[in-house]
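Asker: To start, I am sharing the structure in question, which I have written as C-alpha cells.
The values are calculated or read from the model by the stated rules, or taken from the named source; none is laboratory data. Please read all numbers here as calculations on a predicted model, not as lab measurements. A quick note on method: Cβ atoms are made from the backbone with ideal geometry, for glycine too, and the neighbour counts reach across all protein chains shown.
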Amino acid sequence: MNFRTSPATYSARVIHGEYFPHIDGIRALAVIPVVLYHVLASLCPGGFAGVDVFFVISGYLITGGILRDLEKERFTIRNFYYRRIRRIMPAYFAMIAGVFAVGCALYYAAPLVMLGDAVTAGTLFVANLHFWMLDGDYFAPNLHSQALLHLWSLSVEEQFYLFIPLLCAIIWKFRRSMVAPVLALLALLSLAGAIYAVLHGKQNNAFYFLHFRAWELLAGSLLAMLPATTSTVAENVSQHPQTTSNPVFSQTQTFKQFLLAPLGLLLVALTYVCISAKTPFPGLAALPPVVGTALLIRYGRSGWVSRLLACRPFVAAGKISYSLYLWHWPVTVFWKYAVYDQLYAYDCLGMFLLSLLLGYLSWKFVELPVRTSTFWTLRRSFAFAASGIVLLVALGTACVCGKGWPTVLHPKANEVACTSEIRDPFLAARTFGVVRRIGLAIGYDFKFVTRCSRTVMEGGGDGSSMIGSSGQPQVFLLGDSHAGSLRYGLDYILQEKKLTGYAVSCSSIDMFNLSLPESQAALKKLAEWPQATRVVLAEMWTRSLARQDRPHDHVYTRLAEFALRVKAMNKTLFIATDIADFPHLAQDVEAQSRIVGAPRRIGIVQTSRQQSGADYDRRQGEINRNLEEVCRKTGAILLPLHLALKQDDRYVSCDVQDGHFVALYRDTNHLSMEGSLRAAQFIMSYLFPELSSPNQSPPASSK
C-alpha cells in the first residue's frame, strides 16, 4: 500500500486538520530508538526518550484538533472521546488480549498472576501507577520481565486526555484569550515539579506521574496555538514565486529553514546517544528532546530536514508507530524470556523484524479498518470500549484470584514449589491502599487482614505483629524486608515451643538508624515488654551500604549506636548476617525450563541453585567481618544466619524433598516459607540453645 495516499492520510486530515508527512517522520524518529533501546540498550542508550517525543506530538495534535473544533463551534466531549476510542482502543485491546494469550502459553502460575494484574491496570489506563507501586524504578531489571510495562506511557497520555478537552472548553467559553496563558502556567509548574522531584530523590515519581510529565504534552499544546510559520507560507512561495520578492522575508525563511529545523533534529538525535539509564530523567534531561521535537514540528515542513522526515521509509514507520510501539515490548520480553536473556546477534535482529511485522499487521488489519469504516458508529464505538474494559478487567482479576490457574496451565511447571505470596487483585489491593492513606491523613489507622499476608498489618501496613503463642513476647524481631521474610518461620517455631515474639519489619528501612522515626517507634515498643530480652536485627546489609549518600563507616557507626541503646535496655542484641543472594531465581529457572526447554548455556541453572563459599565471601565476607567487629565493641552477638542455608561448603537456594523441587527463596534475596522455616530453626539454636530439637516441618496447610 502507498503510505502517502493511504486511508490513514484521510483520517488524519479529518481528525487533525491538514496532513503533514514530516510529522509521521518525527513519529518514526521517536519509535525506532525506543525499539532499539529495548531490544539492546547499547544500540541506542537514550532511546527511551523517544516516549518524550511522542508526548509532544500527542499534545500538538490533540490540542490542535480541540482548538479547531472550538473555533468552528463543533466541539463536543462525546465526539472527542469517540475519535479517541476509534484511534486507540481497538489495537490497544487486541495487543493486551494477545499478550495474555501468549503469556498463558509461556508462563507458569507465578508470572501469569503478575501479568493478570498488569492486564487490569493497563485496561483501566493506570499502568503508570501500577508499575510505580510495583517497583518504582522503570530501569530496574525485575520490571523488564513485565510484558505490559510499556503501557505506562499510554496511561499518562490517556490521563492527559481526561482533563485537556474539558480545560480548553471551559476556558474558551469564558475567555478564549486565556487558554494559552493557563496552559503555559501549567506547563511551567509541571516542569518545575519534575526538576524538583529529580533533584530531591523522587525520580520515579517524576518518571511515571502525569503531573510531572504534563509539561511535555503541554509543550505540544502550546505549539498548536502559535500562528502559522513562514515556512508554511514558504511552501506557497515555492509554488508561486511571483507572490513576493521581499528580501527580509527570504532571510527569515532561510534562517528558520536551514537552522531551527536542523537544530531540532540535532537535539533529538544527541539525546539518544548522550543519555542513558543512569541519567537522572526526566527533568532537565528531558528538555532537549522536547524542545527539539517542537522545533521539528514547527519548522520541519520544508528544507532538507523535511525531505528526510517525509521520505518513504520514515513515513511508513511513522504510520505504524502506534502499533509498533504496542507490540515491540511484548515481543522483546517474551523472546528474552524464551532464551533466558541469553542473546545472540540474530536474536536482536529477530526481535526487531518480528516487532515490525506485528506492528504492520496491527496497523493494516486493526487500526485502518476501524478508523476508516462507517460501521464504527458512535454508539457501537462506546459499546465496544465498555465491553472491552469489562472483559479484560474480569480476565485479569480472575487470573489473579485463580493464582494463574495452576491446575490447568502447565501442571508440570507448577509442581515446582513456587512460594511467592498470594496477591490481592489489582482493584482490591489499590482500594485498600487508598483507604489506608485516607485513614492516615485523618489520623485513623485502618487495619486489614489481606490475602498476601498471614498477619494483621497495622499502622498502614508497617509489618508489625505478634508471632508465636499468646502472652508476653520473649523474642523481638526487627529489620527491613529480610526480617519480614523470617517472620513465618519464627512464628511457626515459637508456636511449637510455646513461646511468644513480636516482629517489626519495614521494607528498605535501616531500622538500626536511631534518627529514623521507624527505629524510635520500634524501640518504644520494645521497652513495653521487659521479658523480650532477645532482640534479633536482620537487614539487607548490601542495600544499606550501597546507598551513595552515606559512607560505609557511617553505617557501622549507626549500627554500634543502636546496639549500645539496646544494651542499655538490659537486652541482648543478635545481629544477623545476610543470606546469599543469587543472580537468578531457582524456581523460575526450573519452572521455565519445563515449558520452554533448557537454557542455551547451562551455567544459569547452576548459579541459580547454589553459590560457592568463595563467591559469598567475595560479596559479603567483608561486611560480616565488620558486623563481627561491631559486636565485639558493643557486646552484641553475631548471628551467622547465612550458615542456615549452607550445604557441603555451598549456599543453596533450593532443595529436593521426596523427589519434589522445593524453593528456599521467593526471589533472589528473600526467603520463601520453607527457607524461612529453616532459617528460624537455625536462629532458635542461638536464642534458646537449651530448647534445640531436630528439624521439623510446617503443617501441610502452610506449605
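Asker: Looking at 143, 148, can you tell me which residue is part of a loop (DSSP other than H, G, I, E, B), among the hydrophobic types (A, V, I, L, M, F, W, C) and within 16 Å of residue 332 (Cβ to Cβ)?
Answerer: Values: 143 fails: part of a loop (DSSP other than H, G, I, E, B).
Exactly one residue qualifies, and that residue is 148.
Asker: Same structure again: How do the strands (runs of 3 or more DSSP E) wholly within region 633-679 filter down when requiring 3 or more residues that are more than 24 Å from residue 411 (Cα to Cα) and over 34 Å from the mean Cα position of the chain (by Cα): which remain? Give the derivation first.
Answerer: Numbers: elements: 637-639, 650-652, 654-657, 660-663.
It comes to 637-639.
Asker: Within region 366-402, which residues are surrounded by fewer than 18 Cβ atoms within 10 Å (Cβ to Cβ), farther than 18 Å from residue 84 by Cα and in contact (Cβ under 8 Å) with a residue 12 or more places away in the chain?
Answerer: Within region 366-402, 395, 398, 401 qualify.
Asker: Let me ask another. Among the residues of region 570-611 satisfying the criterion of being of a type in the set (Ser, Thr, Tyr) and closer than 30 Å to residue 534 by Cβ, which is surrounded by the fewest Cβ atoms within 10 Å (Cβ to Cβ)?
Answerer: From region 570-611, those of a type in the set (Ser, Thr, Tyr) are 572, 577, 593, 607-608; that's our starting set.
So of that shortlist, the ones also closer than 30 Å to residue 534 by Cβ come out as 572, 577.
On the way: 572: 14, 577: 21.
Selected residue: 572.
Asker: Something else about it: Which one of these is crowded, with 22+ Cβ neighbours inside 10 Å and either closer than 26 Å to residue 219 by Cβ or of a type in the set (Phe, Trp, Tyr) (or both): 167, 188, 183? I'd like the intermediate steps shown before the answer.
Answerer: Values: 167 fails: crowded, with 22+ Cβ neighbours inside 10 Å; 188 fails: crowded, with 22+ Cβ neighbours inside 10 Å.
Only one candidate passes the filter, namely 183.
Asker: I've got another one for you. On the given criteria, is residue 625 more than 22 Å from residue 109 (Cα to Cα) and in a loop (DSSP other than H, G, I, E, B)? Walk me through it before giving the result.
Answerer: On the way: more than 22 Å from residue 109 (Cα to Cα): yes; in a loop (DSSP other than H, G, I, E, B): no.
In short, no.
Asker: May I ask you to list the residues in region 123-145 that are surrounded by 23 or more Cβ atoms within 10 Å (Cβ to Cβ) and in contact (Cβ under 8 Å) with a residue 60 or more places away in the chain?
Answerer: Looking only at region 123-145, we keep the residues that are surrounded by 23 or more Cβ atoms within 10 Å (Cβ to Cβ), and these are 123, 127-128, 130-131.
Scanning region 123-145 gives 123, 128, 130, 131.
Asker: Taking region 335-359 on its own, how many of its residues are part of a helix (DSSP H, G or I) and either surrounded by fewer than 21 Cβ atoms within 10 Å (Cβ to Cβ) or not assigned by TED's automatic domain parsing to the domain that holds residue 127 (or both)?
Answerer: Quick first cut of region 335-359, residues part of a helix (DSSP H, G or I) only: 335-338, 345-359.
Right, trim to either surrounded by fewer than 21 Cβ atoms within 10 Å (Cβ to Cβ) or not assigned by TED's automatic domain parsing to the domain that holds residue 127 (or both) and you get 335-338, 345-350, 352-354, 356-358.
Residues in region 335-359 being part of a helix (DSSP H, G or I) and either surrounded by fewer than 21 Cβ atoms within 10 Å (Cβ to Cβ) or not assigned by TED's automatic domain parsing to the domain that holds residue 127 (or both): 16 in total.
Asker: On the basis of being on the phi < 0 side of the Ramachandran plot, at pLDDT below 90 and part of a helix (DSSP H, G or I), does residue 432 make the cut? Outline the logic, then answer.
Answerer: Details: on the phi < 0 side of the Ramachandran plot: yes; at pLDDT below 90: yes; part of a helix (DSSP H, G or I): yes.
In short, yes.
Asker: Related question: For region 511-620, which strands (runs of 3 or more DSSP E) that fit wholly inside it have 1 or more residues that are at pLDDT 95 or above?
Answerer: Ranges flagged: 534-538, 572-576.
Asker: Now for a different question. Search region 140-154 for residues being modelled with pLDDT of 90 or more and closer than 14 Å to residue 204 by Cβ, and hand back the single one that is farthest from the chain's Cα centre (by Cα).
Answerer: Only one residue tops the list, namely 152.
Asker: Please specify each residue of region 470-480 satisfying the condition of being at pLDDT 90 or above and either outside the structural domain of residue 680 (by TED's automatic domain parsing) or polar (S, T, N, Q) (or both).
Answerer: Result: 472, 474.
Asker: Please work out which residue is modelled with the lowest pLDDT, limiting yourself to region 258-301 and to residues that are outside any helix (DSSP H, G or I) and among the charged types (D, E, K, R). So that I can check it myself, show each step before the final result.
Answerer: If we filter region 258-301 for residues that are outside any helix (DSSP H, G or I), which is where we start, we get 275-282, 300-301.
Next, only the ones that are among the charged types (D, E, K, R) stay: 278, 301.
Working: 278: 91, 301: 86.
Going through the qualifying residues, I end up with 301.
Asker: Being outside the structural domain of residue 120 (by TED's automatic domain parsing) and of a type in the set (Lys, Arg) is the filter here; which residues of region 360-412 pass it?
Answerer: 403, 412
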